[in-house]
Amino acid sequence: MPVEQIRNIALYQDPGGPDAVTGLHRSPTYYGRPNFNSIMEDIGLRTPGSEIGVFFCGPKPMGHSLRKITRKWSNQLRYTNTRFVFHKENF
């Protein structure tokens, strides 16, 4: 998808309507690299005592980064008994 088209979708997406890329109503498209630290912290604090599976399929460097962040948040949230478990697939 051309950058100009992505820019237009991001600027003019109707917040109450379906996603402009997928057509889904409850699963919006997010652009850019996810902030994994923020995501892990949020999920971990909202689900104390849980074992949370993190499933990854993608480039190796990003997988290494995500595995590291997964370990970090498992350690930081140890006091809540929350644990992240990293799984990866390569094709």
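Quick notes
- Overall, the accessible surface of segment 1-90 at a probe of 1.4 angstrom is composed of carbon and sulfur to the extent of 54 percent.
- With all protein chains in place and ligands, DNA and RNA left out, the 1.4 Å accessible area ranks 22, 80, 70 as 22, 80, 70, largest first.
- Accessible surface computed residue by residue for the chain, with neighbouring protein chains in place and a 1.4 Å probe, gives 77 Å² per residue.
- Solvent-accessible surface (1.4 Å probe) assigned to residue 68 amounts to roughly 150 Å².
- Vicinal HN-Hα couplings computed from phi for segment 67-82 (Karplus, 6.51 cos²θ - 1.76 cosθ + 1.60; Hz; Gly/Pro x): 4, 4, 5, 4, 4, 4, 6, 5, 5, 5, 9, 4, 5, 9, 6, 9
- Solvent accessible area, Å² - residue 52, 1.4 Å probe, full protein context: 30 Å²
- In summary, the convex hull built on the alpha carbon positions of the chain has an orientation-averaged projected area of 7.4 nm².
The values are calculated or read from the model by the stated rules, or taken from the named source; none is laboratory data. Since the model is a prediction, treat every value here as computed from it, not as a measurement. Ligands, DNA and RNA are excluded from the accessible area calculation, which covers all protein heavy atoms including side chains. Shrake-Rupley method; radii C 1.70, N 1.55, O 1.52, S 1.80 Å.
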